[in-house]
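The values are calculated or read from the model by the stated rules, or taken from the named source; none is laboratory data. All values reported here derive from a predicted model rather than from experimental measurement. Note that we place each Cβ from the backbone using ideal geometry, even for glycine, and neighbour counts take in every protein chain shown.
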Amino acid sequence: MIMKRKIVFTANEISVGYKVKSGFMRSDMDWVFQDLSIDLYQGESLAIVGRNGAGKSTLMKVIAGIIEQDKGEVERSFSNASLLSLQAGFVMALSGEENIYLSGVLLGMTRKEIKLRLNEIIDYADIRRSINKPVSTYSSGMKARLGFSIAIFSKPEIVLIDEVLGVGDDEFREKSTEAIKDMIKSDQTVVFVSHNPQIIKELCDRAIWIENGRVVMTSTPTEVLKKYQRFTMICGVVAKNIGKTTSDVRLHKNNIDPLKTIERFDALDKKNAG
Amino acid sequence: MNKYLDVVTTRAMGDLKSTNRESRLGALWWVLDPLLYLLVFYFVFGVFLNRGGDGFVAYLLIGLVFWRWFESSLHQTSSIIFTYKMILDQVYIPKLYLPFIPVISNFVKSSMIVAMLLAYLFIFEGAVLSQIVWFPVLMITQLMLILAVGSFLAALLPFYPDGKNLIGYGVNLMFFMSAIFYRIDDMPEDIRYIFLINPLAYLIDAYRGVLMEGQAPALVNLVMIILASVFVYVISLFMLNKYDKHYPKILN
């Protein structure tokens with residue numbers, strides 16, 4: 001398996017929280033996750049699974065080095081990780097070509113490197129005809145394509161993908177999925193956040209499930225998704241029966257350890273069946 | 001290092017290129033904009049209030065041009081971390097590079113206006129050349145002052161977002177206290193010390209001395225401003241560095 005590969009990122013019992021105002025000049029910590037440990041191996045593609053607000057995006061930011069953990073240790077052996085598709089760097093009044101430079105430098109390329117890859121980026125995004133027009137005239141699909149193309153050619157050591165596989169038209173979605181598959185086949189390290197089980201199963205070789213700010217399990221995508229979907233289903237049914245929201249049930253103290261909850265319900269099912 | 005140099009220059013160039021790109025007259029606004037700005041003040045103080053008398057137009061223009069450079073730079077630099085909020089949420093950029101982006105773009109823009117001003121002064125106002133060597137020294141000093149104050153506010157404001165509202169008032173106050181459209185000599189003597197502690201009042205006065213009277217600037221003040229700028233800038237660097245990965249969190 002992948003276990004023999006070199007570790008490129010390690011988080012050891014890290015906690016990340018945001019300060020929330022709790023009164024005049026006073027604030028409390030609102031923890032996104034606590035005591036979370038995770039390893040990332042060279043060349044693997046890791047999926048992070050969890051409900052909305054479980055801390056997936058925050059974890060991505062810690063891996064990318066955008067924010068720092070409040071507690072715990074982090075070790076990383078790469079200098080350049082970026083979130084794929086960076087449309088935030090676009091200056092709308094400027095042309096597509098000018099924006100390739102503006103976003104490219106943010107993604108860690110030098111102007112020289114961008115110049116060398118310029119034609120490839122334009123062709124891949126398929127915007128040759130509009131390349132000298134201001135980006136403000138682009139459709140959202142064109143902008144997504146341009147952003148994705150710049151990011152792909154910036155060749156970061158670690159690629160972080162946060163639900164980006166839904167961008168552009170059908171044709172480009174296929175093309176971008178293809179590009180990501182190619183990256184995965186090469187020695188590219190990829191971290192995925194996605195709600196699409198099909199894509200996770202197809203593209204990732206390991207998955208990690210985060211719930212209530214803790215790692216519930218780490219295994220193959222199929223195994224993790226099986227348990228994850230089972231837990232989601234259980235919580236959905238319970239929520240319906242007792243008239244509460246699914247998130248309330250998920251956060252309830254009985255369900256702090258989702259695997260135990262699953263065991264409990266599996267046993268219950270068996271009893272009912274037998 | 002080279003990487004971030006490219007970030008700064010490319011983003012600064014983007015700033016410059018995007019200015020007025022969407023307007024009909026485009027690049028012409030680069031000249032029109034400062035020209036109209038100067039005309040407004042010239043009309044109010046030179047014609048309408050008929051102040052100052054001889055040489056007042058040159059006096060007023062010098063003050064306004066260098067004030068405008070300071071004001072527009074400070075405005076953009078102090079809020080640079082807010083401006084880059086979305087980007088900083090997705091890629092890591094050491095925050096200490098960010099202030100250079102608006103400082104450089106505003107320097108380029110202002111340099112063109114300064115060139116226009118110099119041309120005007122030499123052609124129509126009989127500017128003096130004897131102390132002109134001091135002119136670049138003054139500009140570099142002002143550039144350092146802008147970088148220092150701008151970076152300091154940029155580092156501080158994310159912690160006190162309300163301060164953004166106060167900066168406008170502070171800048172306004174400074175404008176009226178910088179002896180731009182009146183003469184320090186016309187002020188009562190017991191309040192003149194205020195102009196001595198305002199670095200911009202000193203700089204504007206020094207520009208006027210160098211350009212119109214062939215007078216070298218007072219060295220003590222100049223050195224003081226440079227030292228103070230270096231000191232403030234070092235504090236800013238320390239803060240930007242210390243809270244480098246904290247800023248993206250508090251901007252949410």
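Could you list all residues from segment A:247-268 that are under 18 Å from A:Gln34 (Cα atoms) and in a helix (DSSP H, G or I)? Result: A:Arg250, A:Leu251, A:Lys253, A:Asn255, A:Pro258. Within segment B:176-193, can you find the residues that are surrounded by 13 or more Cβ atoms within 10 Å (Cβ to Cβ) and assigned to a helix (DSSP H, G or I)? Residue satisfying the conditions is B:Ile184 alone. Listed residues B:Ser23, B:Ser18; which is within 14 Å of chain A (Cβ to nearest Cβ) and more than 16 Å from A:Glu98 (Cβ to Cβ)? Going through B:Ser23, B:Ser18 in turn, the sole match is B:Ser23.
The set of residues in segment B:55-94 being polar (S, T, N, Q) and in contact (Cβ under 8 Å) with a residue 24 or more places away in the chain consists of B:Ser72, B:Ser73, B:Gln76, B:Thr77, B:Ser78, B:Ser79. Among the residues of segment A:51-65, those identified as more than 10 Å from chain B (Cβ to nearest Cβ) and either assigned to a helix (DSSP H, G or I) or at positive phi (or both) are A:Gly53, A:Gly55, A:Lys56, A:Leu59, A:Ile63.
In the condition set (1) within 14 Å of chain A (Cβ to nearest Cβ); (2) crowded, with 17+ Cβ neighbours inside 10 Å; (3) among the hydrophobic types (A, V, I, L, M, F, W, C), B:Leu74 is compliant with all but (1).
Could you check segment B:92-101 and list, in sequence order, the residues that are more than 14 Å from chain A (Cβ to nearest Cβ) and outside any helix (DSSP H, G or I)?
So the first thing to find is which residues in segment B:92-101 are more than 14 Å from chain A (Cβ to nearest Cβ), and the list is B:96, B:99.
Scanning segment B:92-101 gives a single hit, B:Pro99.
Please state which one of A:Val216, A:Val224, A:Val238 is buried (at least 19 other Cβ atoms within 10 Å of the Cβ), at pLDDT 85 or above and either in contact with a Gly (Cβ under 9 Å, 6 or more places away or on another chain) or part of a strand (DSSP E or B) (or both).
Step by step, each of A:Val216, A:Val224, A:Val238 is checked, and only A:Val216 is buried (at least 19 other Cβ atoms within 10 Å of the Cβ), at pLDDT 85 or above and either in contact with a Gly (Cβ under 9 Å, 6 or more places away or on another chain) or part of a strand (DSSP E or B) (or both).
Note on segment B:26-52: among residues that are surrounded by 12 or more Cβ atoms within 10 Å (Cβ to Cβ) and within 14 Å of another protein chain (Cβ to nearest Cβ), the one that is nearest to B:Trp67 (Cα to Cα) is B:Trp29.
Could you tell me which of the residues B:Tyr202, B:Tyr169 is under 27 Å from B:Ser78 (Cβ atoms) and loosely packed, with under 13 Cβ neighbours inside 10 Å? Explain how you work it out, then say what you get.
Details: B:Tyr202 fails: loosely packed, with under 13 Cβ neighbours inside 10 Å.
Answer to the selection: B:Tyr169.
Selection of segment B:92-115 for residues being among the β-branched types (Val, Ile, Thr) and at pLDDT below 95 yields B:Ile93, B:Val108, B:Ile113, B:Val114.
Please report, ordered by residue number, the helices (runs of 4 or more DSSP H) entirely within segment A:66-185 with at least 1 residues that are away from every other protein chain (no Cβ under 14 Å) and within 26 Å of the chain's Cα centre (by Cα). Per the criteria, A:111-125, A:140-153, A:170-185.
Residues in segment B:1-15 that are facing chain A (nearest Cβ under 7 Å) and either under 15 Å from B:Met112 (Cβ atoms) or not polar (S, T, N, Q) (or both): 5 in all. For A:Ile14, are the conditions met, namely being more than 8 Å from chain B (Cβ to nearest Cβ), surrounded by 14 or more Cβ atoms within 10 Å (Cβ to Cβ) and in a strand (DSSP E or B)? So A:Ile14 fits the description; yes. Starting from segment B:210-226, take each residue that is surrounded by fewer than 16 Cβ atoms within 10 Å (Cβ to Cβ) and list its partners that are of a type in the set (A, V, I, L, M, F, W, C) and not in a helix (DSSP H, G or I), counting only C-beta distances under 6 angstrom and pairs at least six apart or across chains. That search, which allows pairs on different chains as well, returns B:Gly214/B:Val128. B:Leu138 meets the conditions (1) in a loop (DSSP other than H, G, I, E, B); (2) touching a Phe, Trp or Tyr at 6+ places or on another chain (Cβ under 7 Å); (3) among the hydrophobic types (A, V, I, L, M, F, W, C) in every case but one. The failed one is (1). A:Tyr124 meets the conditions (1) at pLDDT 90 or above; (2) farther than 27 Å from A:Glu44 by Cβ in every case but one. The failed one is (2). Among the residues of segment B:198-250, just one is within 14 Å of chain A (Cβ to nearest Cβ) and acidic (Asp, Glu), namely B:Asp244.
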